[in-house]
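See below for the structure under consideration.
Throughout, read-outs are computed from the coordinates displayed, never taken from laboratory work. Remember, it's a predicted structure, so these values are computed and weren't measured experimentally. Glycine gets a Cβ as well: all are built from the backbone with ideal geometry, and neighbour counts include every protein chain shown.
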Amino acid sequence: MPSELRMIPLLPLLSAAYLILFGRRHSRESVHRIACLAVGAAFLVSADVFFFWFPILYQSNGLTDLVGTWLASGDLQVDLALRMDALSGLMCLMVTFVGTLIHIYSTGYLAHEQDYARFFAYLNLFCGAMLLLVLGDSLPVMFVGWEGVGLCSYLLIGFWYGEAANASAGKKAFITNRVGDLGFLIGMFLLFRAVGTLDIPVLVDTARAGSPSLTAALWWGQPVAFWAALFLFMGAVGKSAQIPLYVWLPDAMAGPTPVSALIHAATMVTAGVYMVARLGALYLLAPVALAIVAGVGALTALFAAVIALGQNDFKKVLAYSTISQLGFMFVGVGTGNFAGGIFHLFTHAFFKAGLFLCAGSVMHAMAGSGDITRMGGLAQKLPFTTWVFRVCWLAICGVPIFSGFFSKDAIVAGAFATEVFGPRLHWVGPTLGAGLLVAALGTAFYMSRLYCLVFTGECRADLDTRAHLHESPFAMVGPLLVLGLGALLAGVMGLPPALSRSHGDLIGRWLATALGRQPEVSRALQWRVMATSALIALAGIGLAWRFFGGGVREPARRFTAAWPHFTAAVRGKFFIDEIYDWLVVRPLRGLSRVFFLVVDRILIDKLLVGGWTVLVDTAGRLLRLVQVGDVQRYLAIFAIGLAALVYVMARPVAPSEVKVRIEGRSATVDLTEGKAAVDKLEYGFDFDGDGREDRVGAAANANWLYPRPGHYQLRIRIKDPRWNTSRTIARTIDIP
Amino acid sequence: MNLAAHSASMAETIVFAILSAGVLVGGLLTVTRRNPVSAVMCLVLTFAALAGLFATLSAHFLAVLQILVYAGAVMVLFIFVVMMVNREESTPIARQGLVTRAAGVLAAGYVFYRVAWLVSHERTLPLLAASATPPVKDFGTVSAVGALLFADFLFPFEAISLLLLLAVVGGVMLTRHVREDHSSRVS
Amino acid sequence: MPTYAYILVSLALFFVGAAGVLLRRNVLIVLMSVEMQLAAGTLALLSFSRALGDQKGHVFAFFVMALAAAEAAVGLAIVVSVFRTRRTASLDEVNGLKG
């Protein structure tokens, strides 16, 4: 199997490492040449592998490149292996292709940036991590890529970290993703416990075989597959910005626009969709999990589309649009229509990257401002940008011929036709389909509003900005044109079979081996969906034109006046950020404060750190008193110690046991000598405590007959005559 | 016990009494003298009497060495230093930490009392009661001790000579004048 | 004379020396007391040497004497050196090790 597979992620990663270490030494030209060449070479290598092994990718499980064993711990064996199959090959091509275009675009967009090398290093790093995510043959390798893209996302959102808002937006993205990643990890653990491996092909085969290890009930009567799928989906929710973890994506627009286009529209945020599609077989085992995926997707699609209606920042509108479109994709994969979801992922990558790059081009012209209330009439000033925007806009709206039309239809038709939910949940599919149609109407409306406010009517910018309006340089316009072309034509990959029997659903057929069975969509349904969505798209555009054609018109103002609360809520994004702030951030911050004050300040700083210093300090202060610096006193203390030693050693050793036996009125005392028993000791026994010794001699035992019962004090004196030392032992004796 | 033996023993006791009295009185005087020069002189007396005691122990070589090395060379060294360093001492015993040091002396006295008691109590032990010169040929003479030194104890003997050399060099180094100017090679 | 008598003299001399070391302020007298203690040790060595009929005690006494000479040389050198820098020969004024 081809070992050049490892070159695909390695090239950008190496370039990233080089640029991070030595980028500052190179001129701008060298930096972007290295960066673009690395990604471009990765694209060429993937294309080479892809087309060379085309039949194999199509028919089999794909190609594996085993680099080595990464982890071997007990039962866990994880290989650092890359796999290119029909799905990951396609993703790989898309990531490297769009990545290369955006690298080229960035050379123009960031021409005046100081930290040029750092930007391209991060961008390269991102491409490497994304390719690792796509090509990873096991969940841990995929997770490395997953975290890698998260890291790059964080680094690039906060690229202009000089402004606190950008830095905190980066942190927000990172932390929100952590919540999802916890789910991803738990999902991995569950799968490992159930199946004993984390290799994706093995997992997929196990799931396809319907192995009892996955269908056994785990918690609340739901099978392992359900919980694993649900937790993995939690990771996808974080990464792909779905409800309830979508809040980071709008803020992520703080990063440079090429980053928004590459990471937060075309590639990274679709990782969740890709992951669900890869593990599709697992999800098919758990219809409820699929329903949750699709339900969350549809809800997000609608919700984000509504919020997008009221946003006035060019990139924010696009961000909510991305969230909404990701919802579409999740409905696609959630209805078992994996090919449809991936198809939309593709077309979306083209038109959304195109839209973002247009936004970049417009903001470039507008001196960095993205406020659409200050734009208008830019069509004359930015002809190329406008044309590309028009194509992408029509694509996202779902106007026939354009790519978005076909991919959206594939999802909607799949939702209506799906049977994966089983008889009890059969109503879910059509409901979601209907919801998506409403979301499509919203999409058409807000995108058209955006188009109208930016490109039609009179320019509302101030004179200074207006004077400097200019079309972007070729480095930016070139990629735009390519992406526009893609947005126009990418639909060819998935024409509905109703339109073309021989060339219909190319992508579905291509992915059939990798993704398994797809919902069967009847011809009549295809026609119906096409007709309806075309009408909806046109209706949305028409409505938007009535409201905003050539600037904000009378109906829009009337609507705002009639529904002030609704408008305010939409403008305020339904205050989700504020709600999260109250529900999560503030309690957490309070808790952290308590921990800071109690644990950190008092327990650690005061007691654990301060306590020891106080202890050592006090000990030092006390011991210092001993250090008088007077040799004679040291010697005197030495002499005292010696005397104490002599005192202890010279005394007779205490008997290890004093045995007292009482028989009637007779008491017998027997001393058992200790280990260091010495001879020539003298013993004196005073039995009645009158001070006179009743028995004296070398015998260690003596007896005494008491005249009458009572309570007596027994004193035994042991004398060592050689040292002239003695020791006294006292006991009490009760004579009954 | 015949008369001759008795009178010899008597004479021996008298000699021992005089010599040990010299040793102890000399020692006490040494410790109590205010003027170091007098102290040195008393110490000479102590060491001379001690050499006599050595002689009564048949340690002829050591007795001669005691006179030569101690009462002679070392004491001359002391006299030199006393002459260099001598300053009037206002108080012979420092006030500071007197309690501790007095306690130290008492402790030393206690140890002395214990060991002295033990020795007197056990004086009938063969080891402590022995009073005759051992039946060893040339006991304590230069030739006998010298033979031991150069045969069995040759290595320690050479080591001690090295130690003496080191002491000489160290003494010279310590007392050398350290000049302030940098032309001096000593720093 | 029996050995124990010599040992008692040796003990007494050692105690007198110890008292001198502990109490006197003048460094020179302290050094002399130390010499006295060493000499007391020598006396004990020689006494037991005779009692045991073993001349190794003489060899050790010889070593002690050599050691005492070395000690006197170095000790007096230190006294001279300290006197040069501090103009004192009193032990209580030399307390550079004070904590």
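Under 30 Å of direct C-alpha separation, and excluding same-chain neighbours fewer than eight residues apart, A:LYS381 reaches these lysines: A:LYS315, A:LYS316, A:LYS352.
For a straight C-alpha distance cut-off of 18 angstrom, the aspartates and glutamates reachable from A:LYS606 (same-chain residues fewer than eight places away being disregarded) are A:ASP617.
Taking Cα atoms only, the orientation of helix B:36-56 departs from the longest principal axis of chain B by about 30 degrees. Under 19 Å from a label point set 7 Å out along the Cα-to-Cβ vector of B:PHE150, the amide N atoms of region C:32-56 belong to C:55-56. Here the residues B:THR13, A:THR100, ranked from fewest to most Cβ neighbours within 10 Å of their Cβ, fall in the order B:THR13, A:THR100. Annotation note: trypsin sites (Lys or Arg not before Pro) in region B:63-113 located in DSSP loop regions with a Cβ neighbour count of at most 16 within 10 Å are B:ARG87, B:ARG95.
Averaged over peptide A:644-650, how many Cβ atoms belonging to another chain are found within 10 Å of each residue's Cβ?
For peptide A:644-650, the averaged partner shielding equals 3.
If you count, for every residue in B:90-102, the Cβ atoms of partner chains within 10 Å of its Cβ, what is the mean?
Numbers: counts 2, 3, 5, 6, 11, 2, 8, 6, 4, 2, 10, 12, 4.
Partner-chain Cβ atoms within 10 Å, mean over residues of B:90-102: 6.
Taking a span of 27 Å or more along the helix axis (Cα atoms) and a mean Kyte-Doolittle hydropathy of at least -0.5 as the rule, the DSSP H helices of chain A that qualify are A:28-52, A:86-109, A:116-135, A:164-195, A:287-309, A:314-334, A:338-365, A:428-455, A:523-548, A:631-650.
Taking a straight line from the alpha carbon of A:LYS239, these aspartates and glutamates sit under 15 Å away, with near neighbours fewer than eight places off in the same chain left out: A:GLU147, A:ASP181, A:ASP251.
List the residues of region A:680-718 whose backbone N lies under 14 Å from a point placed 7 Å from the Cα of A:THR728 along the Cα-to-Cβ direction. The answer is A:684-694, A:713-718. Within 10 Å, at most 12 other Cβ atoms, and a DSSP state outside H, G, I, E, B define an exposed site. Report the longest part of chain A free of exposed GluC sites (Glu not before Pro). Segment A:164-457 is the longest. Legend: calculated FRET efficiency, B:ILE14 to B:LEU106, from the Cβ-Cβ distance at R0 = 25 Å, rounded to 0.05, equals 0.15. Specify the inter-centroid distance of region A:381-397 and region A:454-519, based on alpha-carbon positions, in whole Å. Computed from Cα coordinates, the inter-centre distance equals 9 Å.
Checking every one of the chymotrypsin sites (Phe, Trp or Tyr not before Pro) in region A:377-481 against DSSP loop status and a limit of 11 other Cβ atoms within 10 Å picks out A:TRP427.
How do A:SER502, A:SER592, A:SER321 line up, fewest other C-beta atoms within 10 Å first?
A:SER502, A:SER592, A:SER321
Under 5 Å between amide hydrogens, built in the peptide plane, is the criterion, and for A:LEU218 it picks out A:VAL224 among residues at least 5 positions away or on other chains. With a 10 Å cut-off around each Cβ of B:59-65, the average count of Cβ atoms from other chains is 5. Residues in region A:55-62 carry Karplus couplings, in order, of x, 5, 4, 6, 8, 10, 6, x Hz; the curve used is 6.51 cos²θ - 1.76 cosθ + 1.60 with θ = phi - 60°, and Gly or Pro positions show x.
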